[in-house]
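A.B. asks: Following this message is one structure expressed as C-alpha cells.
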Amino acid sequence: MGQLSLWDIKIIKMRLAIIGHGKMGKTIEQAARKIGHEVSLIIDLHNQHITKDLTPYKNNIDVAIEFSIPGIAHENITNCLKAGIPVVSGTTGWLDKFDEVIELTKRTKGTFFYSSNYSIGVNLFFEINKYATRLFNAYPDYNLSIEEIHHLHKLDSPSGTAITLANNILAISKIKDHWTINDSNEPKDLKITSIRQKDVAGIHTTKIENQHDIIEIKHIAKSRIGFADGALEAAKFIQNKVGVFGMSDLLNFQ
C-alpha cells in the first residue's frame, strides 16, 4: 500500500482555542466547525485578558491556533505554553523573539508549531525555489528578486512568507548574501518588493532575470481557506507530540 497523503487520514476531532479573530481567525473557525471540530474558546481584542492565564481552560482545549498581530503574538504563545496548551501560530512580524519561544517550549516540555504560511501550495513553492536557486548558482549573471502583494490591512512588510522565501534562498545561494526591502540594486542584495493592494489574499513571485530572459515562479492564493486547512492539519499533526515543529515536518520534506 502506498503512503497516505495527509488529506487521506481520518479526521481527528479536536477542541480548539482560536486566538485572534480577524479575517484568518474567522476563516479557521468556519473551516474547523465545518469538519466537526469544537471551537471551545475564541480570544480577540475584546477579551484578550483571558490569555494572561489559560490554565482554567486547559482541560477543554486540545490545541490553540494563534493568528493575532505582531505586538501580542509572543505573549499569546508564551501564555499557551505556560498553561500546558499546545499552540499552532501563524502570526508574522514577531520573530525577533522566536528563540525565546523555542527555549520556553523546551523548558516546559511543551508543543509549538510555527509557519509563516500554512498553505500546502506555498510550502511546495518554497521547495521549488530552493531547487531553482541551486540550479542558478552556476549562472551568476542571473539576478534573483522577490515581489509580494497583500491586502491593505496587512500589518507587516515584507510579509512573513516573503522573508521565509528569502531566507530559504539565502541559505543556498552563492550569489546573494542578505535580503533588502524595496530599494536596493547591489548585486549581493536579494531585493524584496512589497506592495499593498485592495482585497489580495497573497501573491508571491520570484523573478530570475538576465539581459536575455526572465523566469518567474509565482504563487497566487485564491482565498484564505488553504491557509486555514493547513493550520488545522498542523493542529492535528501535533496531537500527543512534544517539541518544536514546522511545515517541513508536517509535509515530510527531507
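A.B. asks: Using the 10 angstrom Cβ neighbour count as an exposure proxy, how do Y118, Y142, Y131 rank, fewest first?
C.D. replies: On the way: Y118 26, Y142 20, Y131 11.
By the 10 Å Cβ count, ascending: Y131, Y142, Y118.
A.B. asks: Which three extents, in whole angstrom, do the alpha-carbon atoms of the stretch 120-220 cover along their principal axes, largest first?
C.D. replies: Each principal axis gives a Cα extent; for the stretch 120-220 these are 39, 30, 25 Å.
A.B. asks: Can you put D99, D44 in order, fewest other beta carbons within 10 Å first?
C.D. replies: On the way: D99 9, D44 15.
Starting with the residue having the fewest Cβ neighbours, the order is D99, D44.
A.B. asks: Consider the candidate values (1) -0.29, -0.55; (2) -0.33, -0.62; (3) -0.47, -0.69; state which one is log10 I(q)/I(0) by the Debye sum over Cα atoms at q = 0.08, 0.11 Å⁻¹ computed from the structure displayed.
C.D. replies: Identified label for the calculated read-out: (2).
A.B. asks: Which residues' amide hydrogens lie under 5 Å from the amide hydrogen of I19, considering only partners 5 or more residues apart or on another chain, with H built in the peptide plane?
C.D. replies: Under 5 Å from the amide H of I19: I43, I65, E66, F67.
A.B. asks: Please work out the FRET efficiency for the pair R15 and D44, using the Cβ-Cβ distance as r and a Förster radius of 25 Å; give the result to the nearest 0.05. Please report the intermediate quantities before stating the final value.
C.D. replies: On the way: r = 18 Å, r/R0 = 0.73.
Working from the Cβ atoms, E equals 0.85.
A.B. asks: Shifting gears a bit: Sorting check: for 21-29, 185-193, which peptide has the highest mean count of neighbouring beta carbons within 10 Å, and how do the rest follow? Please list the in-between numbers first.
C.D. replies: Values: 21-29: 18.9, 185-193: 15.3.
Ranking the peptides 21-29, 185-193 by packing returns 21-29, 185-193.
A.B. asks: Further, regarding this structure: Of the candidates N59, N143, N76, which one comes out as most mobile in a Gaussian network treatment of the chain with C-alpha springs shorter than 10 Å?
C.D. replies: Evaluated over the chain, the most mobile residue of the options is N59.
A.B. asks: Which whole-Hz ³J(HN,Hα) couplings does the stretch 203-215 yield from phi under the Karplus relation 6.51 cos²θ - 1.76 cosθ + 1.60, θ = phi - 60°, glycine and proline marked x?
C.D. replies: Computed from phi, the couplings for the stretch 203-215 are 10, 10, 10, 9, 10, 10, 9, 10, 5, 9, 7, 10, 10 Hz.
A.B. asks: Between V39 and residues 5 or more places away or on another chain, which pairs have amide H atoms under 5 Å apart, with H built 1.01 Å from N, and which residues are they?
C.D. replies: Residues meeting the amide H criterion: L16.
A.B. asks: A further question on this structure: Please give the residues of the stretch 49-83, grouped as numeric ranges, whose backbone N is less than 16 Å from a label point set 7 Å along the Cα-to-Cβ vector of N240.
C.D. replies: Answer for the stretch 49-83: 62-63.
A.B. asks: Which entries in K13/K109; K207/K241; K13/K130; K58/K97; K52/K154; K23/K218 show an alpha-carbon gap greater than 30 Å? Show your work: numbers first, answer last.
C.D. replies: Numbers: K13/K109 24 Å; K207/K241 39 Å; K13/K130 35 Å; K58/K97 24 Å; K52/K154 26 Å; K23/K218 23 Å.
Those over the limit are K207/K241; K13/K130.
A.B. asks: Shifting gears a bit: Round to the nearest 10 and give me the degree value, 0 to 90, for the angle of helix 120-136's Cα axis relative to the longest principal axis of the chain.
C.D. replies: Compared with the principal axis, the helix lies near 30 degrees.
A.B. asks: Helix 70-82 sits at what angle to the longest principal axis of the chain, using alpha carbons and giving 0 to 90 degrees rounded to 10?
C.D. replies: 50 degrees
Computed from the coordinates by the stated procedures, all read-outs in this text should not be read as laboratory data. What you see is a predicted model, and the numbers here were worked out from it, not measured in a lab. Positions of Cβ are backbone-derived with ideal geometry, glycine not excepted, and every protein chain shown enters the neighbour counts.
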